[in-house]
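As structure tokens, the structure follows; a few thoughts come after it.
The values are calculated or read from the model by the stated rules, or taken from the named source; none is laboratory data. Quick caveat: nothing in here was measured; it's all calculated off a predicted structure. Here the Cβ is made from the backbone with ideal geometry for all residues, glycine too, and neighbour counts use every protein chain on show.
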Amino acid sequence: MAFDGVVISNVVSDLKKKLVDGRIYKIYQPENDELNIIIKNNRENYRLLLSADASLPLIYLLQVPKENPMTAPNFCMLLRKHIGNGRIVDVCQPGFERIVEFTIEHLDEMGDLCKKKLIIEIMGKHSNIIFTDADGMIIDSIKHISHLVSSVREVLPGKAYVYPPSGDKRSPYDTDQDYFASSVYTKPVTVTKAIYTSVTGISPLIANELCYRVGIDGGQSTAALTDIQKEKLYQEFEKMVSDIKAENYVPNIVYDGYIPVEFSSVRLSMYQDYQVEDKDEISKVLDEYYYKKSKVTRIRQKSADLRKIISTAIERASKKYDLQLKQMKDTEGREKYKVYGELINTYGYGVEQGTKSFRALNYYTNEEIEIPLDPTISVLENAKRYFAKYNKQKRTYEALEKLTVETRHELEYLQSVQTFIDMTLDENALAQVKEELMISGYIKGRYGKKGDKHTSKSKPYHYISSDGFHIYVGKNNLQNDELTFKFANGGDMWFHAKKMPGSHVIVRMEGAEELPDQTYEEAARLAAYYSSGRENPKVEIDYTKRMNLKKPAGAKPGFVIYHTNYSMIAEPVIRGIEEVTR
């Protein structure tokens with residue numbers, strides 16, 4: 001996440017086009033460190049969000065209105081008094097810093113025209129919203145910073161506003177090849193760090209992107225750069241700056257499936273294996289990115305209890321399975337005791353009591369073996385003891401043979417639930433997982449009792465292949481069962497990651513005799529991505545017709561068996577596959 005100078009320059013460019021000459025209609029302060037300002041311009045209402053939250057400072061145009069408090073805090077009341085109904089005459093980004101200045105024209109109490117400035121600093125924990133007069137004197141700020149908090153710069157009413165120190169960085173607009181040679185290339189650090197510590201507004205993300213574009217490892221030392229690499233790197237930097245000056249922005253979000261990974265206002269070509277979605281405005285990028293990011297966080301928080309339940313259940317099942325396998329291993333020598341007993345009965349008539357062992361011909365292998373004896377009991381009792389030991393281990397093996405299969409299936413089922421919880425970004429799908437765990441007895445309670453209020457039913461993911469075939473992907477085990485055994489027809493194609501938890505993927509044939517190769521590949525990629533192997537470079541996928549699947553009686557949700565299938569290798573990448581979101 002890089003809310004850097006490049007993104008802010010894009011924000012400022014958009015705000016200039018939409019807000020300059022606009023009138024401030026309403027001002028709200030929904031949070032202690034956040035402002036929502038409604039601006040009317042060109043017969044449109046724009047909702048400007050300014051947030052100085054230490055963990056998530058932001059500035060962009062909201063797409064959806066937020067709920068506002070009934071009572072306005074003091075800072076909000078002050079702004080309403082001074083710039084309510086004021087006109088925005090300029091929006092600028094000084095020095096390519098993470099700062100946005102709004103110059104606002106309004107009438108004072110005497111009816112004279114005057115100007116004020118509303119300044120937002122997007123600087124992590126040092127973020128602030130500051131209100132000054134035309135001479136740069138601070139009238140108030142959303143956060144007061146005294147000398148006790150910062151010895152570098154005070155932000156208090158009555159103090160002169162000064163920009164935050166930029167160190168020895170230089171604006172990209174003032175950066176030339178000589179500066180690169182004398183500053184960037186001489187720093188004894190990595191190439192990436194040398195760039196973002198030398199040029200204002202350039203984040204590590206943009207520095208890495210520049211290195212990627214020219215084929216340089218950003219993690220190598222600047223001393224390792226050749227003259228040709230230095231020349232190419234500066235040319236790429238100069239090209240990027242030229243695009244920014246010309247306002248040739250490319251607002252985009254990088255997705256790993258449904259999870260937003262990064263955003264920027266320049267093309268992030270280094271994310272080759274991810275899905276990149278372009279937008280026509282940076283505010284739409286920011287609105288969608290932070291909405292989906294918060295959605296992921298919210299789902300993670302809501303699923304915390306389920307994660308703990310599943311983690312505990314997996315740990316118990318794993319310990320039980322390991323113990324059962326150990327007990328199975330202990331029974332591997334049971335046949336030996338049966339042979340000992342038979343050979344004692346056959347050859348033991350001549351063995352005297354008190355003998356510790358004797359040698360006999362094993363007529364099963366035609367080899368002579370030595371049979372240990374307990375000298376304190378008779379030879380016949382030794383035979384009986386070996387037969388008893390054999391029968392006990394035989395009964396243990398027969399019981400464990402069934403139990404280990406049951407425990408393995410339980411463990412595989414729990415791991416599949418864990419996989420679906422990790423992949424879930426849908427609250428309704430998460431509710432279905434909870435329902436599934438109630439049905440399976442891992443959560444106390446009874447699902448479906450009278451008076452229960454349920455969330456709306458979650459639907460499978462729906463994609464359309466490049467060849468026009470509809471592909472459906474289950475979000476959990478209950479949905480897998482419904483998708484495979486109720487929704488799909490016998491002739492439809494079924495895909496699943498081989499020997500690992502994951503979604504059932506159904507391709508509707510719609511009367512077609514055979515699927516095109518591209519659709520096979522895309523369905524397999526979906527099965528790979530929606531599985532526990534999604535972090536692997538390649539995943540083996542089984543596929544077969546739906547009619548070849550069977551669900552054993554009493555099997556856990558999502559469990560199927562099949563004996564007729566084909567396999568293929570697929571990358572867990574879903575970039576380029578069209579999703580139906582309606």
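Scanning the range 509-561 for residues that are more than 30 Å from the chain's Cα centre (by Cα) and of a type in the set (Gly, Ala, Ser), we see that the one that is nearest to residue 575 (Cα to Cα) is 512. Residues that are in contact with a Leu (Cβ under 9 Å, 6 or more places away or on another chain) and more than 9 Å from residue 421 (Cα to Cα) were ranked within the range 300-310; the one that is modelled with the lowest pLDDT is 302.
Can you name the condition, by its number, that residue 232 falls short on among (1) in contact with a Pro (Cβ under 9 Å, 6 or more places away or on another chain); (2) charged (D, E, K, R); (3) free of Cβ contacts under 8 Å to residues at least 40 places away in the same chain? Against the list (1) in contact with a Pro (Cβ under 9 Å, 6 or more places away or on another chain); (2) charged (D, E, K, R); (3) free of Cβ contacts under 8 Å to residues at least 40 places away in the same chain, residue 232 comes up short only on (1).
For (1) surrounded by fewer than 21 Cβ atoms within 10 Å (Cβ to Cβ); (2) under 21 Å from residue 162 (Cα atoms), each residue gets a yes or a no:
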residue	(1), (2)
71	yes, no
77	yes, no
81	yes, no
90	yes, yes
94	yes, yes
102	no, yes
107	yes, no
118	no, yes
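On the basis of being exposed (fewer than 13 other Cβ atoms within 10 Å of the Cβ), at pLDDT 90 or above and in contact with a strand residue (DSSP E or B) (Cβ under 8 Å, 6 or more places away or on another chain), does residue 398 make the cut?
Against the criterion (exposed (fewer than 13 other Cβ atoms within 10 Å of the Cβ), at pLDDT 90 or above and in contact with a strand residue (DSSP E or B) (Cβ under 8 Å, 6 or more places away or on another chain)), residue 398 does not qualify.
Among residues of the range 264-276 that are in a strand (DSSP E or B), those with a Cβ under 9 angstrom from a residue that is at pLDDT 85 or above and acidic (Asp, Glu), sequence gap 6+ or separate chain, pair up as 264/4; 264/209. The set of residues from the range 296-319 being under 30 Å from residue 56 (Cα atoms) and exposed (fewer than 12 other Cβ atoms within 10 Å of the Cβ) comprises 297, 301, 304, 305, 308. On inspection, residue 334 fails the criterion of being within 49 Å of the chain's Cα centre (by Cα) and either on the phi < 0 side of the Ramachandran plot or not acidic (Asp, Glu) (or both). Looking across the range 416-442 at every residue that is farther than 15 Å from residue 557 by Cα and in a loop (DSSP other than H, G, I, E, B), the one that is modelled with the highest pLDDT is identified as 424. Checked against (1) in contact with a Phe, Trp or Tyr (Cβ under 8 Å, 6 or more places away or on another chain); (2) of a type in the set (A, V, I, L, M); (3) under 29 Å from residue 324 (Cα atoms); (4) free of Cβ contacts under 8 Å to residues at least 24 places away in the same chain, residue 388 meets all criteria but (1). Taken over the range 1-36, the criterion of being under 15 Å from residue 59 (Cβ atoms) and acidic (Asp, Glu) is satisfied by 4, 14, 31, 33, 34. Scanning the range 555-566 for residues that are surrounded by fewer than 12 Cβ atoms within 10 Å (Cβ to Cβ) and either part of a loop (DSSP other than H, G, I, E, B) or not β-branched (Val, Ile, Thr) (or both) yields 563, 564, 566.
State whether one or more residues within the range 127-135 are surrounded by 11 or more Cβ atoms within 10 Å (Cβ to Cβ) and without any contact (Cβ under 8 Å) to a residue 12 or more places away in the chain. Taking every residue of the range 127-135 in turn, none turns out to be surrounded by 11 or more Cβ atoms within 10 Å (Cβ to Cβ) and without any contact (Cβ under 8 Å) to a residue 12 or more places away in the chain. Checking the stated criteria, residue 177 turns out to be surrounded by fewer than 20 Cβ atoms within 10 Å (Cβ to Cβ), outside the structural domain of residue 34 (by TED's automatic domain parsing) and farther than 28 Å from residue 262 by Cα. Among the residues here, residue 413 qualifies as at pLDDT 90 or above and surrounded by 15 or more Cβ atoms within 10 Å (Cβ to Cβ). Considering (1) assigned to a loop (DSSP other than H, G, I, E, B); (2) closer than 15 Å to residue 481 by Cα; (3) in contact (Cβ under 8 Å) with a residue 40 or more places away in the chain, the lone condition that residue 572 does not fulfil carries the number (2).
From the list 194, 207, 223, which residue is without any contact (Cβ under 8 Å) to a residue 60 or more places away in the chain, out of contact with any helix residue (DSSP H, G or I) (no Cβ under 7 Å at 6 or more places or on another chain) and not in a loop (DSSP other than H, G, I, E, B)?
223
Among the residues of the range 532-554, not one is without any contact (Cβ under 8 Å) to a residue 24 or more places away in the chain, outside any loop (DSSP other than H, G, I, E, B) and aliphatic (A, V, I, L, M).
Just so you know, in the range 279-295 the residues that are within 14 Å of residue 255 (Cα to Cα) and in contact with a Phe, Trp or Tyr (Cβ under 8 Å, 6 or more places away or on another chain) include one that is surrounded by the fewest Cβ atoms within 10 Å (Cβ to Cβ), and it is 292.
Of all residues in the range 373-392, those satisfying the criterion of being surrounded by 11 or more Cβ atoms within 10 Å (Cβ to Cβ) and outside any helix (DSSP H, G or I) are 373, 374, 375, 377, 378.
Screening residue 151 with (1) in a loop (DSSP other than H, G, I, E, B); (2) of a type in the set (Ser, Thr, Tyr); (3) in contact with a strand residue (DSSP E or B) (Cβ under 8 Å, 6 or more places away or on another chain) gives one miss only, at (3).
Listed here are the residues, each with its yes/no results for (1) of a type outside the set (A, V, I, L, M, F, W, C); (2) in the same structural domain as residue 206 (by TED's automatic domain parsing).
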site: 249; (1), (2): yes, yes
site: 270; (1), (2): no, yes
site: 278; (1), (2): yes, yes
site: 290; (1), (2): yes, yes
site: 293; (1), (2): yes, yes
site: 338; (1), (2): yes, no
site: 341; (1), (2): yes, no
site: 348; (1), (2): yes, no
